[in-house]
Structure formats: C-alpha cells, structure tokens
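Data block below; observations after.
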Amino acid sequence: MLVLILSGITIVKTTDEQAVLLLVDFSDSTKTVQAEIQAHAEELLRLIDKKTPTGVVVFGDEQLYSVKLKKDKRQFKADKISADATNIDAALEYASTLFPKDSAGRIILLTDGKETCGDASKTAHYLATKWEFD
C-alpha cells in the first residue's frame with residue numbers, strides 16, 4: 001500500500017448522480033430584466049429531470065440559498081438580498097459548497113454579466129479543475 005501511495009496512484013470514483021444549482025443574479029443591475037431572469041429560472045426548474053436534485057441560490061452582493069436541493073416540488077422564490085453589487089465570484093464559491101459529496105455538481109448561472117467585484121472566470125476555472133480531481 002505504501003508503494004502505491006508513494007508512486008502517486010489515485011483512486012477515482014465515478015458517479016451517475018448529478019445535482020444542479022441555479023445561480024440567479026438579483027443585483028441592482030438586473031432590475032430591468034429580473035422578471036425575465038425569474039421566468040428563465042422557473043422554466044429550468046420545470047424542465048430539469050425531477051429525479052435530479054435541483055436548487056436555487058439568489059445572489060447580488062450576498063448569497064441566499066433560496067430553494068434547497070431536492071428532487072420534486074421545486075418552486076422559485078425571489079427572496080430579498082443585499083443587491084448593491086454583483087459578486088458572481090462569491091456566489092460560485094458558495095454554491096460549490098452546497099453539493100452532496102456523492103454527486104456531480106452542475107451550476108447554471110443566470111446573470112446580466114455585470115460583475116462588480118471578484119473574478120468569476122478565475123473561480124469558475126478553479127472549481128472546474130477542483131471538481132475534476134475530487
């Protein structure tokens with residue numbers, strides 16, 4: 001066993017289980033399109049296979065776990081959050097902590113793309129790399 005560990009061998013577990021989180025931008029910059037973003041989120045909740053745990057995180061400057069990961073009876077809730085900034089970076093980090101350990105996590109980002117703090121592209125790359133080897 002020690003030889004295998006020292007040689008750098010890794011054990012990879014594959015899974016067919018998936019979980020999906022919708023990251024929904026409700027920052028101030030989306031005020032004119034929030035109804036549209038909400039409609040898209042509701043449509044996705046309706047279309048994603050009912051056997052796939054699906055949840056919603058609403059974000060702006062802060063994040064709120066609005067709809068817990070579950071398999072059925074999903075309903076979008078547009079809860080109030082601090083919306084004076086768009087922190088996609090922090091929302092991605094937060095969402096990544098919510099997935100069950102035994103599932104492949106998928107994030108669907110609904111935003112106007114007007115990021116005001118953080119670096120979402122760097123975080124997305126890091127999380128993709130991390131999940132690839134977890």
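Filtering region 85-127 to residues that are without any contact (Cβ under 8 Å) to a residue 12 or more places away in the chain and among the hydroxyl-bearing types (Ser, Thr, Tyr) leaves Thr97, Ser121, Tyr126. Filtering region 21-38 to residues that are crowded, with 16+ Cβ neighbours inside 10 Å and in a helix (DSSP H, G or I) leaves Ser29, Thr30, Gln34, Ile37, Gln38. Among the numbered conditions (1) at pLDDT 90 or above; (2) open to solvent by 100 Å² or more (accessible area, probe 1.4 Å), the only one that Val3 does not meet is (1). Within region 48-81, being within 15 Å of Ser103 (Cβ to Cβ), of a type outside the set (Ser, Thr, Tyr) and outside any strand (DSSP E or B) holds for Ile48, Asp49, Lys51, Pro53, Lys71. Before we move on, is Ala41 closer than 21 Å to Ala124 by Cβ, small (Gly, Ala, Ser) and in a loop (DSSP other than H, G, I, E, B)? So Ala41 fails the test. Looking at Asp72, is it farther than 23 Å from Thr123 by Cβ, open to solvent by 40 Å² or more (accessible area, probe 1.4 Å) and of a type in the set (Asp, Glu)? Yes, satisfied.
The values are calculated or read from the model by the stated rules, or taken from the named source; none is laboratory data. Everything numeric in this text was worked out from a predicted model, so none of it was measured. Using ideal geometry, Cβ is built from the backbone for each residue, glycine included, and neighbour counts are taken over all protein chains shown. For accessibility, only protein heavy atoms count, side chains too; no ligands or nucleic acids. Shrake-Rupley method; radii C 1.70, N 1.55, O 1.52, S 1.80 Å.
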